[in-house]
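Here is the structure we will look at, set down as structure tokens.
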Amino acid sequence: MTKLISRDSGLEQVRIPIHSDIDIVSARHAGRSLAEQVGFSSSELTLIATAISELARNIIEYAKFGEVTLEIVNNGSVNGVRITASDTGPGISNIEMAVRGGYSTSGGLGLGLAGVRHIMDNFDLQSAPGSGTCVTVTKWKL
Amino acid sequence: MGTVKGKKSVNPAMTESTVALLRELVAHLRDNRTELREEWARRITEARLLTAMTKEEIFAEATSVYDNYVEALETGTFEALQAYARNLSERIIPRGVETDEVVGIVLLLRDVLARSLFGKYRSDFDLLNRILDAYEPAANRIANTVAVGFVQERERIIREQQEAIRELSTPVLQVRERLLILPIIGVIDPLRARQLTEQLLQAIRANRARVVVIDITGVAEMDSHVANHLVQTVEASRLLGATVIVTGLSPDIAQTLVNIGVDLTKMNTVGDLQGGIEEAERLLGYKVVMHDSDSGGKKS
Amino acid sequence: MAVPILKQSNYLIATIQAALTDQDFVQLRDALVEKVGRFRSRGVIVDVTALDVLDSFASRTLRDLAYMIRLRGAHTVIVGIQPDVAFAMVQLGITLADVSTALDLEEGLAFLDSVDSEQARA
């Protein structure tokens, strides 16, 4: 059942600090619960949970710790779920390559960002060497 | 998202004077509710709107719309109205009510109420102007909200129907034990492609299929996105332990696949559906013989 | 959280019951490799039916696991990947290339049997 959330009213937001691999699992579960409220299908829920896993894992692997914020959003006509993964780590020096999938996921260096971008409707990446990274992705329930 | 007993929450963006003016005109609209509502219902019939509904039905809905309208004016917030509009639309769309009718009746209500305000404040031109300044933007926003709510609900219903049609038109067939055939016909858009994959994967699990034959003889053309999707479907099926044979590959589609980087020698393809089924049976038969300990390791 | 590993004649069956942390995954890998050596098992089945997500780390670890077990002369089959999970994996470009997969435990055992008899013939 879709719950209509107004842009004006307080949005449901969940913040999960990411310090260890256990937090990755917590973030996934929280993301799944939140997305369930928006009415996503079972397969969409799995996509979202997997994307969260990848983003949270990047934080641990490259920045040691950071935060994942999950929120229900509304763009005026449909609801969606927004995931923001941020850290104050070393930052990504070559954003183009990271997003295009230049880093392979199989070799253990992977950022998985190309895949996440592929399945999400909106994708935004802010990063610079020395100033941390912030990835924001959104999926809309059409 | 109904009303809270006692003080109603008001849009904090409105100024004090606007709130006071709205409160005054809302009081007037509530006091004259019966007559104004009747006037409105009369005008609806006169304009030959909502002909698909009976008089009693129109009256019942008119009451709800009126109350929601006045409430939205009072609070300056429109979530409750939007929710009501969608709810109302869900009920009247199956009755055959059209968009122009819904927009029409809301505009009629706006006019009936405006005229009533003219009548009451005509002796104080200055006050009338201020009242209208407060009323007009709100009334227009209400008309907009209701119309948009109706259209969105309509679009949602159409999408649902399209989805149902799609599901009917893409059956996954079980022809033999452990063997599924998925004939794809016509145009595939990304949404349909995704549904096909989901249905196929569920079917593989439900039927414990070991081999799937995807026949694309009936597909005229395929862009790179859908071709990518086909590759993903093959890979996902493999993760469920099923081998996929693609049949009916036209030279054009084969070229598209090569262009997106697919190594066709790695993909199991056979010319036509019949050949594909034979290949599938061979694969299945081979596995069964491997199992047969009595045959003393005889290969098929 | 330790994953229960059962020994069934020549095979080892590891059934994952709930979401695993990265550490749990690594522990599972090491436990299986050790047991394969100790029991001289011919095959390993990892049942991931209970996993609602298989991300890139899980995939890498399973591939490492299969590789390391192969070095010990045994074959690995991953079974029970859910349709939604398989779909998400291919969409995100997460592959289990070179690792055998089967629908469920029964299929997995049948597969190991067939690999076994083929090897016996060789």
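The values are calculated or read from the model by the stated rules, or taken from the named source; none is laboratory data. Not measured: the values here are computed from a predicted model. Neighbour counts run over all protein chains shown; Cβ positions are idealised from the backbone, glycine included. Just so you know, the surface numbers come from the protein's heavy atoms only, side chains and all, with ligands and any DNA or RNA stripped out. Shrake-Rupley method; radii C 1.70, N 1.55, O 1.52, S 1.80 Å.
Ranked from largest to smallest solvent-accessible area, with a 1.4 Å probe on the protein heavy atoms, B:ASP100, B:ASP263, C:ASP52 come out as B:ASP100, B:ASP263, C:ASP52. In this structure, the amide hydrogen of C:THR15, modeled 1.01 Å from its nitrogen in the peptide plane, lies closer than 5 angstrom to those of C:LEU6, C:ASP47, counting only residues at least 5 positions away or on a different chain. Taking every C-alpha pair closer than 8 Å and separated by at least 6 residues, the mean separation divided by the residue count of region C:5-117 gives a relative contact order of 26 percent. Which one of C:ALA19, C:LEU51, C:ILE78 is farthest out on the positive end of the charge dipole of region C:5-117, using unit charges on Cβ (Lys, Arg +1; Asp, Glu -1) and the Cα centre as origin? My answer, from the dipole projection, is C:ILE78.
Please report, ordered by residue number, every helix of chain B (full DSSP H runs) that is 24 Å or longer along its axis going by C-alpha atoms and whose mean Kyte-Doolittle hydropathy reaches 0.5.
Details: long enough: B:55-75 (30 Å, -0.40); B:99-121 (33 Å, 0.78); B:125-169 (65 Å, -0.31); B:190-207 (25 Å, -0.46); B:273-291 (27 Å, -0.01).
What comes out of the filter, once short or polar helices are dropped, is B:99-121.
Less than 5 angstrom separates the built amide H of A:GLY89 from those of A:GLY132, A:THR133, all sequence-distant by 5 or more or on a different chain. Among B:LEU128, B:ALA138, B:VAL148, which residue has its Cα positioned farthest towards the positive end of the charge dipole of region B:106-152, with +1 placed on the Cβ of Lys and Arg, -1 on the Cβ of Asp and Glu, and the dipole taken about the Cα centre? The residue sitting farthest along the positive end of the dipole is B:VAL148.
What fraction of the DSSP beta bridges in the protein assembly as shown is antiparallel, stated in percent and rounded to the nearest 5? Could the numbers behind the result be given before it?
Details: 36 of 62 bridges.
Roughly 60 percent of the DSSP beta bridges within the protein assembly as shown come out antiparallel.
Each label was represented as a point 7 Å from its Cα along the Cα-to-Cβ direction; for B:GLU221 and C:ALA97 these points are 3.1 nm apart.
Total lysine pairs in chain B at Cα distances under 25 Å, for residues eight or more apart or on different chains: 4.
What net charge do the residues around C:LEU6 carry, taking every other residue with its C-beta under 11 Å from that of C:LEU6, with Lys and Arg at +1 and Asp and Glu at -1? Mind showing how you got there, number by number?
Working: positive: C:LYS7, C:LYS35; negative: C:ASP47.
Here the charged neighbours net out to +1.
With equal scatterers on the alpha carbons only and no solvent term, can you work out the Debye log10 of I(q)/I(0) for region C:5-117 at 0.18 1/Å? With one equal scatterer per Cα and no solvent, log10 I(q)/I(0) is -0.85. Between the residues C:LEU62, C:VAL33, C:LEU92, the greatest Cα displacement towards the positive end of the dipole of region C:5-117, with unit charges on the Cβ of Lys, Arg, Asp and Glu, is found for C:VAL33.
The modelled label-to-label distance for the pair A:GLN37/B:GLN161, using points 7 Å beyond Cα in the direction of Cβ, is 3.4 nm. Comparing B:GLY104, B:GLY276, B:GLY119 in a Gaussian network model of chain B (Cα springs below 10 Å), the most mobile by mean-square fluctuation is B:GLY119. Compute the label zone of B:VAL10 within region B:26-49: residues whose backbone N is under 12 Å from the point 7 Å along Cα-to-Cβ. Hits in region B:26-49 for B:VAL10 at 12 Å: B:26-27.
What separates the Cα centres of region B:56-105 and region C:17-75 is a distance of 59 Å. 3J(HN,Hα) couplings calculated from phi for region A:79-95 with the Karplus curve 6.51 cos²θ - 1.76 cosθ + 1.60 (θ = phi - 60°) are, in sequence order, 8, x, 10, 10, 10, 10, 10, 10, 8, 10, x, x, x, 9, 7, 10, 5 Hz; Gly and Pro show x.
DSSP loop (so not H, G, I, E, B), at most 13 other Cβ within 10 Å: list which trypsin sites (Lys or Arg not before Pro) in region B:13-48 pass both filters.
Values: sites: B:ARG23, B:ARG30, B:ARG33, B:ARG37, B:ARG42, B:ARG43, B:ARG48; in loops: B:ARG48.
Those satisfying the criteria are B:ARG48.
Taking the Cα centre of region C:5-117 as origin and assigning +1 to Lys and Arg Cβ atoms and -1 to Asp and Glu Cβ atoms, the resulting dipole is close to 580 debye. Distant-in-sequence amide contacts of B:VAL213, defined by a placed amide H-H separation under 5 Å and a gap of 5 or more residues or a different chain, comprise B:LEU180, B:ILE181, B:LEU182, B:ILE245.
Distance between the pseudo-spin-label points of A:SER131 and B:GLU281 (7 Å out from Cα toward the beta carbon): 6.8 nm. Within chain B, the longest segment free of exposed loop sites, counting GluC sites (Glu not before Pro) that fall outside DSSP classes H, G, I, E and B and have at most 14 other Cβ atoms within 10 Å, spans B:1-176. This model, with +1 at the C-beta of Lys and Arg and -1 at the C-beta of Asp and Glu, gives the protein assembly as shown a dipole about its Cα centre of some 800 debye. Taking every DSSP beta bridge with both residues inside chain B, roughly what % is antiparallel (nearest 5)? Here the share of antiparallel DSSP bridges comes out near 20 percent.
Cα convex hull of the protein assembly as shown: how many Å³ per residue? All intermediate terms of the calculation are to be shown ahead of the outcome.
Values: hull volume 115.1 nm³, N = 564.
Enclosed volume per residue, from the Cα hull, is 204 Å³.
By how many degrees, 0 to 90 and rounded to 10, does the Cα axis of helix C:105-121 deviate from the longest principal axis of chain C? Roughly 40 degrees between the two axes.
Averaging Cα coordinates gives a centre for region B:188-262 and one for region A:13-77; these two points are 30 Å apart.
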